[in-house]
1. Would you point out which residue out of 340, 353, 321 is of a type in the set (A, V, I, L, M) and under 24 Å from the mean Cα position of the chain (by Cα)?
2. Assess whether residue 188 counts as being surrounded by 15 or more Cβ atoms within 10 Å (Cβ to Cβ), in the same structural domain as residue 343 (by the TED database) and under 20 Å from the mean Cα position of the chain (by Cα).
3. It is to be established whether one or more residues within segment 427-443 are buried (at least 16 other Cβ atoms within 10 Å of the Cβ), assigned to a helix (DSSP H, G or I) and not aliphatic (A, V, I, L, M).
4. Regarding residue 360, is this residue more than 21 Å from residue 259 (Cα to Cα), assigned to a helix (DSSP H, G or I) and β-branched (Val, Ile, Thr)?
5. Quick check on my filter: what residues within segment 218-236 are buried (at least 23 other Cβ atoms within 10 Å of the Cβ) and of a type outside the set (A, V, I, L, M)?
6. Could you give every pair whose Cβ atoms fall below 7 Å, whose first residue belongs to segment 405-418 and is part of a loop (DSSP other than H, G, I, E, B), and whose second residue is modelled with pLDDT of 90 or more, counting only separations of at least 6 or pairs across chains?
7. Out of segment 245-267, which residues are surrounded by fewer than 18 Cβ atoms within 10 Å (Cβ to Cβ) and at pLDDT 90 or above?
8. Give me the pairs: first residue in segment 292-317 and under 12 Å from residue 347 (Cα atoms), second residue of a type outside the set (Asp, Glu) and in a loop (DSSP other than H, G, I, E, B), beta-carbon distance under 6 Å, and six or more apart or on different chains, which are they?
Amino acid sequence: MSLLKRLEKEKIIVEDPVQELRTNRPVQLLDPWKDFKNQVHHEVIQALDTPETENLEVETLRPIVEEIFEKKIELQGITISRSDRQRLIQQILDEILGFGPITPLLNDPEVNEIMVNGPSQIYVERKGKLELAPITFYDDQHVLHIIEKIVAPLGRRIDESQPMVDARLPDGSRVNAIIPPLALNGPTLTIRKFAKDPFKVEDLIRFGTLNQEMALFIEACVTSRLNIIVSGGTGSGKTTTLGVLSGYIPEDERIITIEDAAELQLRQAHVVTLETRPPNIEGKGAITIRDLVRNSLRMRPERIIVGEVRSGEALDMLQAMNTGHDGSLTTGHANTPRDMLSRLETMVLMAGMELPVRAIREQISSAIDVIVQQSRLRDGSRRITHITEVLGMEGDVIVLQDIFRFEQTGVDKQGKVQGYFRATGIRPHFMEKLLVAGQALPENLFSNE
């Protein structure tokens, strides 16, 4: 039997089987309830088209959906079990109020990340491991509808002229979407979820991200207005750690946060949140992180928090740190503290300033006090592997010294990484700054015995 005949017999939707095989795209199974759910959905939307029902919640909408659902079942003479009835009603509710098939995943506290690779393949991350979710979308248009539902309230758009977008969900979860022709698998959506209640340092200690001594040291550094950069790879937990660090900032300080998509959940009252803006349909009107960093200097900031430096804004950030804006925090992508310094050099050059390398390194060494290096290990766990002090220049080289480290000792039978945190035995050179700020640390905090 030919491929096309077999696909038709098994009721698999394929517009072009040869193209499907060529692009290795998973085929999409037909949902026998698709048309019925669409009919109910359409009638519910028509029933809600009144001023009194604009801001409905699930408790108010469910009886309306159930009533229309039952009428359609009776009218069409369909026999359906109680469990299937509740499942279909919930799917209709998710489509109207939520984000379609992925709504249950967004509500699942064990799911950290959701990856939609086209309509028929959805992966999730649980406890650091990837697994295939037993749900699908109808087709590419269904995924596109959900993407537009996410980005439209933020004033952003996604289409052929701008096929990539960064956005956020109402709870602050980070969203990235990319669509054809760039994504050959179909519309691709990646959602990195954040906890509904922002993590505290006690949570990170419980997760094993750091220990009590490291937390005490980092608290003293933030309170004493040292400039800190959180470095790490993709998915290592940099933004979460940055949010925890920002929790140490005193309530009476004015904080300005600058991000591509506002994600940080700060608990302080005096916070000004700035967010970049993409270009309009004519390719004009873009506001970059660099623009916002420059503008923030005129807003009387006491703390500047940049979600991530990845380009020329690094120069403006370093200059802010060197001109009285102590206590600034940011993150950057790098595998080691030394690599982070090299990336900063590259990013400063991206600002278009023809500066000698030594001058750039002097700017970096005088601006950055501490690098907190975070890594995602092989078992999916996240650890702060280095807390490193930036000492200054020796010749043309920036000198670093580790204050705390994570020492990996092996892997157990379940694949869990084994290891321990330890102090290196070196006292940081900025101890006097901590004492002046009233941060008296225990004498044995830096002991490696």
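1. Details: 353 fails: under 24 Å from the mean Cα position of the chain (by Cα); 321 fails: under 24 Å from the mean Cα position of the chain (by Cα).
Result of the check over 340, 353, 321: 340.
2. When the stated conditions are applied, residue 188 does not pass them.
3. Yes, that holds for at least one residue.
4. Numbers: more than 21 Å from residue 259 (Cα to Cα): yes; assigned to a helix (DSSP H, G or I): yes; β-branched (Val, Ile, Thr): yes.
Taking the combined requirement at face value, the residue satisfies it.
5. 221, 227, 231, 232, 236
6. Going by the 7 Å Cβ cut-off, the qualifying pairs are 412/418.
7. Selection gives 247, 248, 250, 251, 252, 253, 254.
8. From residues that are under 12 Å from residue 347 (Cα atoms), the pairs are 311/350; 312/350; 312/351; 315/351; 317/309.
The values are calculated or read from the model by the stated rules, or taken from the named source; none is laboratory data. Note that the structure is predicted; figures quoted are calculated from it, not measured. Positions of Cβ are backbone-derived with ideal geometry, glycine not excepted, and every protein chain shown enters the neighbour counts.
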